[in-house]
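Enquirer: Quick one: the structure is below, questions incoming.
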Amino acid sequence: MKIKKGDKVKVIAGKFKGVIADVVMTKPREDRVVVEGVNVKKKSIKKTDASSTENFVYIQYPVHISNVRLATEAENKPAKSEKTEKKTKAVESKSKGKSEKKKSSKSK
């Protein structure tokens with residue numbers, strides 16, 4: 001498992017898609033991680049004595065590691081593979097060239 005406790009991850013699937021948060025705990029045998037603020041559920045409990053006022057406890061449940069990926073800490077954006085970076089640069093350079101040609105033809 002490449003994801004460790006304390007890593008910053010982005011949820012890429014499920015109810016919390018797009019959330020960037022820290023990993024609180026990993027469960028390598030189950031291939032699951034507990035992410036801060038993600039998959040938090042409210043569980044009711046019995047009152048132990050008359051003075052306690054809370055009937056509920058919020059528990060963080062783990063999510064499968066296939067639903068998260070590492071995020072770069074500097075940008076707070078998900079890490080991209082080299083292939084996708086090259087493709088986006090190529091598309092940007094093509095679109096710049098087309099816009100410059102349109103501008104030059106309009107000025108004539």
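Enquirer: Hey, can you grab everything whose amide H is under 5 Å from the amide H of I12? Only 5+ residues off in sequence or another chain; H modelled, so Pro and N-termini drop out.
Expert: For I12, whose amide H was placed from the backbone, the distant partners under 5 Å are G18, V68, R69.
Enquirer: Something else now. Expressed in nm to one decimal, what extension gain is obtained for the pair Y61 and K43 from 0.36 nm per residue of sequence separation less their Cα-Cα distance?
Expert: 5.3 nm
Enquirer: Could you derive backbone 3J(HN,Hα) for segment 57-64 from the dihedral phi with the Karplus parameters 6.51, -1.76 and 1.60 (θ = phi - 60°), listing whole Hz in sequence and x where the residue is Gly or Pro?
Expert: 10, 9, 10, 8, 9, x, 10, 6
Enquirer: Quick one: what are the phi-derived ³J(HN,Hα) couplings along segment 5-13, Karplus 6.51/-1.76/1.60 with θ = phi - 60°, whole Hz, x for glycine and proline?
Expert: Computed from phi, the couplings for segment 5-13 are 4, x, 5, 9, 10, 10, 7, 10, 8 Hz.
Enquirer: Highest first, please rank the peptides 37-43, 60-66 by the mean number of other Cβ atoms sitting within 10 Å of their residues.
Expert: The peptides rank, most packed first, as 60-66, 37-43.
Computed from the coordinates by the stated procedures, all read-outs in this text should not be read as laboratory data. Note that the coordinates shown come from a computational prediction; the quantities given were computed from them, not determined experimentally. Cβ sites come from the backbone with ideal geometry, for glycine too, and all protein chains shown count toward neighbours.
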